[in-house]
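The values are calculated or read from the model by the stated rules, or taken from the named source; none is laboratory data. Computed from a prediction, not measured in an experiment: that's the story for all the values here. Glycine gets a Cβ as well: all are built from the backbone with ideal geometry, and neighbour counts include every protein chain shown. Heads up: the accessible areas ignore ligands, DNA and RNA and are worked out on the full protein's heavy atoms, side chains in. Shrake-Rupley method; radii C 1.70, N 1.55, O 1.52, S 1.80 Å.
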Amino acid sequence: MSAVWFAHRILIALVLAWIVATIVFMALHMVPGDPAELLLSTGGTSPDPATVAELREKLGLNQPILVQYGSFLAGLLRGDLGTSLVDDYPVLSEIALRLPRTLELIFAGTLLAIAIGVPAGVYAALHRGGRFDRIASGVTALLLAIPVFVVGTLLVLLFAQTLRLMPAGGFTPLTQDPVLHLKLLTLPAIAIGKGLAAVLFRMTRASMLDALANDYVRTARAKGLAPGRVLFVHVLRNALNPVVTVLGLQMGTLLGGTVLVEYVFNWPGLSTPLLRAVEARDYPMVVGIVLTISVLFLLINLIVELIHALLDPRVSAP
């Protein structure tokens, strides 16, 4: 992996982050009418003009748009995302408190999906047309068809209310009670990882079948190489590239899917302040969370490209 390629990817990620921040900033000013008045309007009644003027001054909306844009970017560079209009709490502090919980849920669901989807896809490809291949293909089709909130509800009904093996939801810090924390994490991780596991199974199976049909695999077998060496060195490594790409894209979509999962299982991640902020028209909180999710998506894509370069050095070749 060349330093020039790495620096180029970092630069692209920074430019994309700036574009996303600019789009989020302009979204407020593209809304018809006075943004401050829209934020304060409730029940179809017009807010008090003095209150609107106070909010415009608080948000800096009484300044020229270029000045507002400069202040917005300067605040981002300082790590200042503003203050919530609802509880007068720094947006960055709220995100710093809840983001690790959302990331933990995504990480747990992803690990579960990889542990199930990739080995199952490899096994199905090696036994194409067999009983396991047919059953697993049918199960993954069913998992992809069922919405995540339906799966979450069914998991609560089965494991929490019927079998009483797991708690229905909630949150306990890992440092306070590790066992209870893991129990509370298990069901939402399964709910959020089920779709990713199905996608990884299908992608791994298709990539393995494509790699197994290549001439270099037949040549390696003709040379008398051990089946394990052929599988892991010549087949699996080449088959993983498209799987990694799909994994990166799907992890980005998990950032949006966690909203429903956190709501079903009462997991206090980013979804709670986001939904509350949208309902209350808390502009700084909405912007801060949307920017955070967007930057995380860009970071995931950057990590995927780095993994691609490690798996296939031709990716980063000049």
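Tabulated data for the structure shown
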| item | result |
| --- | --- |
| Any hit, the stretch 79-102, residues being modelled with pLDDT of 85 or more, out of contact with any Ser or Thr (no Cβ under 9 Å at 6 or more places or on another chain) and over 30 Å from W18 (Cα atoms) | no |
| Count of residues meeting criterion [part of a loop (DSSP other than H, G, I, E, B) and either over 20 Å from V156 (Cβ atoms) or without any contact (Cβ under 8 Å) to a residue 24 or more places away in the chain (or both)] in the stretch 234-292 | 3 |
| Among (1) farther than 29 Å from K58 by Cβ; (2) touching a residue at least 12 places away in the same chain (Cβ under 8 Å) - the single one G129 does not satisfy | (2) |
| Hits in the stretch 77-91 - residues which are touching a residue at least 40 places away in the same chain (Cβ under 8 Å) and surrounded by fewer than 16 Cβ atoms within 10 Å (Cβ to Cβ) | V86 |
| Selected residue (criterion: nearest to G109 (Cα to Cα)) from residues of the stretch 137-180 that are open to solvent by 60 Å² or more (accessible area, probe 1.4 Å) and among the hydroxyl-bearing types (S, T, Y) | T153 |
| Residue match in the stretch 56-64 (condition: open to solvent by less than 20 Å² (accessible area, probe 1.4 Å) and without any contact (Cβ under 8 Å) to a residue 60 or more places away in the chain) | yes |
| Q68 vs. criteria open to solvent by 40 Å² or more (accessible area, probe 1.4 Å) and polar (S, T, N, Q) | no |
| Only listed residue being under 29 Å from the mean Cα position of the chain (by Cα), at pLDDT below 85 and surrounded by 19 or more Cβ atoms within 10 Å (Cβ to Cβ), chosen from L105, L28, L39 | L39 |
| Count of the stretch 3-25 residues which are open to solvent by 40 Å² or more (accessible area, probe 1.4 Å) and closer than 24 Å to L310 by Cα | 12 |
| In the stretch 253-309, the residues that are among the polar types (S, T, N, Q) and either on the phi > 0 side of the Ramachandran plot or open to solvent by 10 Å² or more (accessible area, probe 1.4 Å) (or both) | T253, N266, T272, T292, S294, N301 |
